[in-house]
1. Taking amide H positions as placed 1.01 Å from N in the peptide plane, with prolines and chain starts having none, which residues 5 or more places from residue 89, or on another chain, fall under 5 Å of its amide H?
2. For the stretch 180-188, in order, what is each residue's ³J(HN,Hα) by Karplus, 6.51 cos²θ - 1.76 cosθ + 1.60 with θ = phi - 60°, in whole Hz (x at glycine and Pro)?
3. Quick one: helix 2-21 against the long Cα principal axis of the chain, what's the angle to the nearest 10°, folded into 0 to 90?
4. Of 106, 39, which has the most accessible area and how do the rest follow, probe 1.4 Å?
5. Starting from the Cα of residue 295, draw a straight line to each of the aspartates and glutamates and keep only those under 20 Å, dropping any in the same chain fewer than 8 residues away.
6. For the chain, restrict the atom set to alpha-carbon positions and state the Rg and Dmax in Å.
7. Identify, among 243, 98, 225, the residue whose Cα sits farthest towards the positive end of the charge dipole of the chain, taking +1 on the Cβ of Lys and Arg and -1 on the Cβ of Asp and Glu, with the dipole about the Cα centre.
8. Sum -39500 (n - 2.57) across every DSSP H segment of at least 4 residues in the chain, then divide by the residue count to get the 222 nm mean residue ellipticity, nearest 500.
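The values are calculated or read from the model by the stated rules, or taken from the named source; none is laboratory data. This one's a predicted model, so the numbers in the text were calculated from it and none came from an experiment. We place every Cβ from the backbone using ideal geometry, glycine too, and count neighbours over all the protein chains shown. The area values use the complete protein model at the heavy-atom level, side chains included, leaving out ligands, DNA and RNA. Shrake-Rupley method; radii C 1.70, N 1.55, O 1.52, S 1.80 Å.
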Amino acid sequence: MKSVIYLIIIMLLSFIFNACRKEDISDEPTEEITSTLADNQASEEAKNLYNYLRSIYGKKILSSTMANVNWNTTEAENVYKLTGKYPAMNCFDFIHIHHSPANWIDYSDITPVKDWANAGGIVSLMWHFYVPKSENSDSYTYKTDTKFKISNIFLSNTWESRFFHEQLDKVCNTLSKLQSEKIAALWRPFHEASGAWFWWGKEGAEAYVRLWKYVYNYLQQKGIHNLIWVWTTEKEGDSQWYPGNDYVDIIGKDLYGKNVSQNHNNWLQIKKLHKKKMISLSECGNLLAGRTIIKKQASIEQQWANGTCWLYFMPWYDYLFNEGKEPTNVRCSDDFWINAMSLPYVISR
């Protein structure tokens, strides 16, 4: 009797798996997903990348790594050493742009990104935007412990406006270089805003949406059209934080230590609200307290079998492990990566 029950369970899981995976993959994009980018002047490279993403969505899933702190592929190399495969995408962070150029970081040197793209990798970009804690302060933060005001960005002759535009222009310089090299990228600025732990979320939804639209239009004016804009939803019911379909291409969700049903419920909720947008697991990993694992993140195999079809998954890095100061990656286990990269529906580089 038990063997019959097990067989029925396996058959049901197989049905769900294959319904999500859709083995007979064609090159035709998913019809219900918006067919054009928010940027109506998008570069051919951006259009081609977006069409590729649409063509695999719900059929396969992209693997991705996060740069170890800033402008490198350290984590991708770790995955390669462990599994013999590179992830399909690497996410670079402009987190130290306020220090650049320096002898240890120079974002005007796009070599790490260019090398990754030339090797066949998809490029993703994000920005933990550091600001001074106060005017003339030598201490910087991207959290809410700052006197930096979003509203003052839009005023002339404020220290917030001067600093903000100095850093934004540095980023624009790098983005323009990537565009000149015909490199398109997923672009995820100002993430997790409604969580209100970053400065770009501390003044509420209206200020945040104004900030997003301002940066979008600023980049347009600078002639930057190689980006696919990814907005990250944080809390249930944060639709007032959404900049709108005309400013967003992909929806991201950051989940740590979530089990199969929690991941699926989040995916369903977002899918209901954003029917025409692709949905990504833009950050994931084990939930930690220090270096103790509080809750493990469900495997990609478990999630996919349950019908949770993210566009891509991106585990966060373990800084101390990557620095060689700890022997084990507690943020994302070796087993997670070994299993994920062995799955036939997970795309590698």
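1. Those lying under 5 Å, H to H, from residue 89 are 63, 64, 65, 122.
2. 5, 8, 6, 9, 8, 8, 6, 10, 10
3. Rounded to the nearest ten degrees, it is 40.
4. On the way: 106 55, 39 10 Å².
Per-residue accessible area, sorted high to low, gives 106, 39.
5. In chain and number order, the partners are 234, 254, 283, 318, 326, 334, 335.
6. Considering the chain through its Cα atoms, Rg and Dmax are 20.3, 78 Å.
7. Of 243, 98, 225, it is 243.
8. On the way: 10 runs with 123 residues, N = 349.
Estimated from H runs of four or more residues: -11000 deg cm²/dmol.
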